[in-house]
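Colleague: Mind having a look at this structure? Questions to follow.
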Amino acid sequence: MENSSVNPLSSSSDLNPKTPSRTNQLIPGFNSYHPSPSRTIYSDRFIPSRSSSNFALFDLPLPPQSSSSEDSTNAYTALLRSALFGTDCGSVVPPVTPDKSSGLNARNLQICRPNCNIFRYKTETRQSLQSLSPFGFDDQLPGFSPSPVKANRKVPRSPFKVLDAPALQDDFYLNLVDWSSHNVLAVGLGSCVYLWHASSSKVVKLCDLGVDDSVSSVGWAQRGTHLAVGTSNGKVQLWDSSRCKRIRTMEGHRLRVGALAWSSSMLSSGSRDKSILQRDIRAQEDFVSKLSGHKSEVCGLKWSYDNRELASGGNDNRLFVWNNHSTQPVLKYCEHTAAVKAIAWSPHLHGLLASGGGTADRCIRFWNTTTNTHLSCMDTGSQVCNLVWSKNVNELVSTHGYSQNQIIVWRYPTMSKIATLTGHTYRVLYLAISPDGQTIVTGAGDETLRFWNVFPSPKSKNTETEIGASSFGRTQIR
């Protein structure tokens, strides 16, 4: 992506030719000047003399009819000759510089056909990307098959892996799937939380809340192995996944906790009781502040990448933005006409926020929280359940419910569709992205988790996805 132009011969005054000892003055009455044949010709441009060049050193004659043992050598010779002199130059004709004794009469000049010059001094200003190859992309070159021009990226239309997930709830307001920075997938199934290690396909049962409680949300800390688990009884449990040990239980909500979001050591929890609690896991108190503003269940929570802004969505069709110190929303967006669960901050542009509305809305909207402006709106035709941005390219993916249950990969800001993926038979309610940014996992009420390769690898790393080869196929998560 970087363009560099290095000119080893810069234009400077030290390249001026030697000044002749005698000056030629214009004589009145003469229309032109004819130099003496015995004198050296000087001008304001440097033109090399080729009269003494030994072009036989190139040794590039036409390949004669030869045996099969010489075919490879002749093919290479023809390829090199065509690349250097052009395909229309049947033989190498040395370009001629007029001899000093012949004067400047054009009739004495021997003209070489185009593309037959050994040296070129005219720079082509318009070149395609194909011309950057040392041998070009000429289909007429003998024995040479050029690589095709890079086409638009193609996204596989089928998942490369499917996990059976019994008891995965078909509830729009829950968030039961999350993927950690250590490449471990957490899934809430009924009253239990299971951990699936993507590199080895190993499944570990982390906890069981019992018959009187169930998992309503899961959320990994940004770094480390701590997992927050929201419950239907309004509690938030903090677990150390490396030891499968519960660290603490935090209260404060009266109803189920359907949304969780981390910001360093700060954990935000959104509940059906319409409130958002800010919890500092280093403090002894269960929560340090309470955010009030929503008039219905809080179902979406996301911190910005700089950890300065928290976006929340609710069943009241509202999208709010909070800062680190506010207990009331600093920005309120009321354009959606259905519940706002799908929320995603752009990793590429500061303050760019995307949100999606439910069945009655079906729109993805983009906001600039820095200038407090509504940027654009895209009607997707289906309930928007989740949104996530790619950290590798300026694209995002959305999952949908009624009525098409599809997954769409979008290019931003044009919002052109790169791919539409289908396969789930129920609403695609859950979405998480792998730590390398290439793979997404989707979950639905059809009790399956499906893994899709939708985004390219980072430009700085040309690596495969870190999901182990043994994980391909269809298996069960418990």
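The values are calculated or read from the model by the stated rules, or taken from the named source; none is laboratory data. Computed from a prediction, not measured in an experiment: that's the story for all the values here. Cβ atoms come from the backbone with ideal geometry, glycine included; neighbour counts cover every protein chain shown. To get the accessible areas, we keep the full protein, side chains included, count just its heavy atoms, and leave off ligands, DNA and RNA. Shrake-Rupley method; radii C 1.70, N 1.55, O 1.52, S 1.80 Å.
Colleague: Are there any pairs with C-beta distances below 6 angstrom linking a residue in region 182-207 that is touching a residue at least 40 places away in the same chain (Cβ under 8 Å) and under 16 Å from residue 442 (Cα atoms) to a residue that is open to solvent by 30 Å² or more (accessible area, probe 1.4 Å) and of a type outside the set (A, V, I, L, M, F, W, C), with the two at least 6 apart or on different chains, and if so which?
Modeller: Every condition considered, the pairs that remain are 183/199; 183/435; 183/466; 184/197; 186/178; 194/205; 194/478.
Colleague: Okay, next question. Just to confirm my filter: which strands (runs of 3 or more DSSP E) fall fully inside region 208-290 and include at least 2 residues that are touching a strand residue (DSSP E or B) at 6+ places or on another chain (Cβ under 9 Å) and farther than 21 Å from residue 314 by Cα?
Modeller: The qualifying strands (runs of 3 or more DSSP E) are 226-231, 236-240, 245-250.
Colleague: Return the pair list, or none, for Cβ contacts closer than 8 Å from residues in region 414-431 that are over 22 Å from residue 163 (Cα atoms) to residues that are outside any loop (DSSP other than H, G, I, E, B) and among the acidic types (Asp, Glu), at least 6 apart or on different chains.
Modeller: Within 8 Å, the pairs are 418/395.
Colleague: Looking for whichever is at pLDDT 95 or above, in contact with a Pro (Cβ under 8 Å, 6 or more places away or on another chain) and not acidic (Asp, Glu) here; the options are 179, 196. Which one fits?
Modeller: On inspection, the qualifying residue turns out to be 179.
Colleague: Report, by residue number, each residue of region 383-404 that is touching a His at 6+ places or on another chain (Cβ under 7 Å) and buried (at least 22 other Cβ atoms within 10 Å of the Cβ).
Modeller: 383, 384, 385
Colleague: Which count do you get for residues in region 347-364 that are open to solvent by 10 Å² or more (accessible area, probe 1.4 Å) and in contact with a Leu (Cβ under 7 Å, 6 or more places away or on another chain)?
Modeller: 0
Colleague: Can you name every residue in region 419-434 that is open to solvent by less than 30 Å² (accessible area, probe 1.4 Å) and farther than 19 Å from residue 299 by Cα?
Modeller: 419, 421, 424, 434
Colleague: Give region 249-268 a look and list any residue that's within 14 Å of residue 341 (Cα to Cα) and touching a Leu at 6+ places or on another chain (Cβ under 6 Å), or say none.
Modeller: Those that are within 14 Å of residue 341 (Cα to Cα) and touching a Leu at 6+ places or on another chain (Cβ under 6 Å): 258, 259, 261.
Residue-wise test of (1) open to solvent by less than 10 Å² (accessible area, probe 1.4 Å); (2) not small (Gly, Ala, Ser).
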residue	(1), (2)
231	yes, yes
236	yes, yes
242	no, no
249	no, yes
255	no, yes
264	no, no
274	no, yes
280	no, yes
286	no, yes
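Colleague: Do any strands (runs of 3 or more DSSP E) entirely within region 300-407 hold 2 or more residues that are out of contact with any helix residue (DSSP H, G or I) (no Cβ under 8 Å at 6 or more places or on another chain) and polar (S, T, N, Q), and if so, which?
Modeller: The qualifying strands (runs of 3 or more DSSP E) are 373-379, 395-400.
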